[in-house]
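Taking it in order: structure first as structure tokens, then the write-up.
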Amino acid sequence: FYAYRGNQDWQQAVVELEEMLNDDPGDTRRSIYLASALVFAGQHERARVRFEALLANRPDTDSALRDPLWYSPFPTLHAAWLRREHGDEPGAQALLELARADLRAHEEAGRILDWNDRSAALLAVMEGNDTAALRHMEQAFALGHRNLSLFDEPALTHLADDPAFQDLERRMAGDLAVQRAAVLKLICNHNPAPEHWRPLPETCSGVEPGP
């Protein structure tokens, strides 16, 4: 799922996650990822239905629905945005309060994570505070967040013409290009595990030889 976030191939992510869930329908982690992929793919009604099922099946209905890897409440915020889009503002507010409480708990425990600032940006914009949203996006970047899907979050798309939004997207894309070039040079010219794995020839096409 995180690889799809990198290349933003959401329709393919939906197809493959659905195939995985056909084999294991009870896999909550992949079900959360599928629901978020549906959000990014623009299939909002399907995403809403899946998120509602996930929320209903939580062991603790007073807790946020969290990302299975980073424990960030962004799935709760996706579900809140979908409820608002569906006209259920009281339901959206209930989920926003769960996300607030979850982010407070992270802060009080000293857990400083880029994904929490990404979630805080979504929360802020859904509270009508675009300035705070941009500040949290910048902080996520400062903490190492390098995922361009941030700029495709449906809740944030109205900021696309903001110079600060555009500047951050440009800087993140630039950093990712530099990192990708460095990784390709490493695996193509100095493969650290040649006995066990080799990149495909097309992967190294165009990579300059050298140190």
Considering segment 105-149, residues that are surrounded by 16 or more Cβ atoms within 10 Å (Cβ to Cβ), farther than 17 Å from ASP162 by Cβ and small (Gly, Ala, Ser), and then whichever is modelled with the lowest pLDDT, we arrive at SER149
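Any residue at all in segment 151-163 that is hydroxyl-bearing (Ser, Thr, Tyr), over 21 Å from TRP10 (Cβ atoms) and either without any contact (Cβ under 8 Å) to a residue 60 or more places away in the chain or open to solvent by 70 Å² or more (accessible area, probe 1.4 Å) (or both)?
No, segment 151-163 has no match at all.
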Go through ARG198, ARG180 for me and flag whichever is surrounded by 10 or more Cβ atoms within 10 Å (Cβ to Cβ) and over 18 Å from ARG146 (Cβ atoms).
-> ARG198
With ALA56, ALA35 as the choices, which residue is surrounded by fewer than 14 Cβ atoms within 10 Å (Cβ to Cβ), of a type in the set (A, V, I, L, M, F, W, C) and closer than 30 Å to GLN11 by Cβ?
-> ALA56
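The values are calculated or read from the model by the stated rules, or taken from the named source; none is laboratory data. Quick caveat, the model's predicted, so the values are computed rather than measured. Here Cβ is always computed from backbone atoms with ideal geometry, including for glycine, and neighbour counts include all displayed protein chains. Areas reflect the complete protein model, heavy atoms only, side chains present, ligands, DNA and RNA absent. Shrake-Rupley method; radii C 1.70, N 1.55, O 1.52, S 1.80 Å.
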